[in-house]
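For reference, the structure is listed below as structure tokens.
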Amino acid sequence: MKVDIQKLIRKNILNLEPYSSARDEFKGENGIFLDANENPFGELNRYPDPYQSKVKQKLSEINQISTENIFLGNGSDEVIDLAFRIFCEPKKDKVLTFSPTYGMYKVSANINDVELINLDLNDDFQINLETLKPYLKDENLKIIFICSPNNPTGNSIKNIKYILENFNGIVFIDEAYIDFSPEESFRNQIKNYPNLIVSQTFSKAWAMASVRVGTAYASEEIIKFYNKVKPPYNISQLNQDTILNTLSNEKINQVSENIKIIQKEKKNLIESLKKINLVKKTFPSDTNFILIEVENADSVYQKLVNKNVIIRNRNSVIKNCLRITIGSPEENEKLIQALQNINN
Ligand code: PMP
């Protein structure tokens, strides 16, 4: 399918003169730096590397992807929001999501005054291609967001290839939970699909939610536009250093070990949940959380809160469903005890 990225970009962004920072204008490392109105005193006095080159270099080596195909955002929430700003003309263009899904696509659409078409996933939480097909031809449909594995349902989405092959707008695959999934990432497909953006995050499997770093992998052309619109210093130096530190072999091994523990805990938790009567259904999960159905979600949620166990009430998006994040073995044990208690 022929894709013309330039045609997808908003006109004002295409013509935008980006901000030129002091570090854009002089890239050398040595000298007396009197060009950025920084304070000469203190240890955190300098602006950070605006393009996070050391982190990207490391990610490039680990993932075998060129640094030109990588963008770092202030969490993947920034990666999502910038996609709206790059591609969607307010009041004119549209995006499409499959619900239930992650809430920020809708919020970002509202902030950017972009219409959101929402198609329901089917009973297995999969995309209904027949319902989707007519929309694929809409010239004003700029982005299709696919969250896989999906939040809050936990399953991986099938038929993504079909959408990539039949839609010439942007296909944005949110892989926030991919490291918990047996499915392969679409990250390596960016060379085959110039309209593909794969977003990932350090917040989940990498256990660094407080650091606020998300990643976009996409064609060089798309990444150039991301760099054009992003705030000049969107990732602090402290955060760049923290991520770099975590990308050492030793720490990567620790992250892999912890993922295995979370997966084992998930399996045990599902077994325990199935034995509790008030749990009507546990949905399969490729993530670090489990969706369950109960008879009265609001009531179970409140009773758990009263016992100081906080889970996510998803009753407003999927009737009588609750979302449980996999915690430490001790935390999971407390959750099960609390549920057993409520059940009796
Ligand atoms: N995508 C999905 C599917 C999520 O569930 C979340 C956070 N819960 C995010 C993106 C945002 O993650 P962050 O901004 O921390 O990278």
Margin query: Can you pull out every residue in segment 185-213 that is more than 8 Å from the ligand (Cβ to nearest atom), of a type in the set (A, V, I, L, M, F, W, C) and either more than 17 Å from TYR102 (Cβ to Cβ) or open to solvent by 50 Å² or more (accessible area, probe 1.4 Å) (or both)?
Written below: ILE190, LEU196, TRP206, ALA207, MET208, VAL211
Checklist line | Long-range neighbours under 8 Å by Cβ, at least six apart or interchain, first residue closer than 19 Å to ILE222 by Cα and within 10 Å of the ligand (Cβ to nearest atom) within segment 161-178, second aromatic (Phe, Trp, Tyr) and in a strand (DSSP E or B) | finding: ASP174/PHE145
Checklist line | Meets criteria (among the charged types (D, E, K, R) and loosely packed, with under 14 Cβ neighbours inside 10 Å) for GLU89 | finding: no
Note to self: Of all residues being hydroxyl-bearing (Ser, Thr, Tyr) and over 11 Å from the mean Cα position of the chain (by Cα) in segment 139-159, which is farthest from the ligand (Cβ to nearest atom)? Just the residue, please.
What the structure shows: SER156
Check: Among the residues of segment 274-303, which ones are part of a helix (DSSP H, G or I), out of contact with any helix residue (DSSP H, G or I) (no Cβ under 6 Å at 6 or more places or on another chain) and touching a residue at least 12 places away in the same chain (Cβ under 8 Å)?
Finding: ALA297, ASP298, VAL300, TYR301
Check: Taking segment 71-94 as the region of interest, how many residues are within 15 Å of the ligand (Cβ to nearest atom) and in a strand (DSSP E or B)?
Finding: 3
Notebook entry, point to check: Going by the structure shown, is PRO152 part of a helix (DSSP H, G or I) and either open to solvent by 70 Å² or more (accessible area, probe 1.4 Å) or touching a residue at least 60 places away in the same chain (Cβ under 8 Å) (or both)?
Noted result: no
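The values are calculated or read from the model by the stated rules, or taken from the named source; none is laboratory data. What you see is a predicted model; the values in this text were computed from it and never measured. Ideal geometry is used to build each Cβ from the backbone, glycine not excepted, and the neighbour counts take in all protein chains shown. With ligands, DNA and RNA removed, areas are computed over all heavy atoms of the protein, side chains included. Shrake-Rupley method; radii C 1.70, N 1.55, O 1.52, S 1.80 Å.
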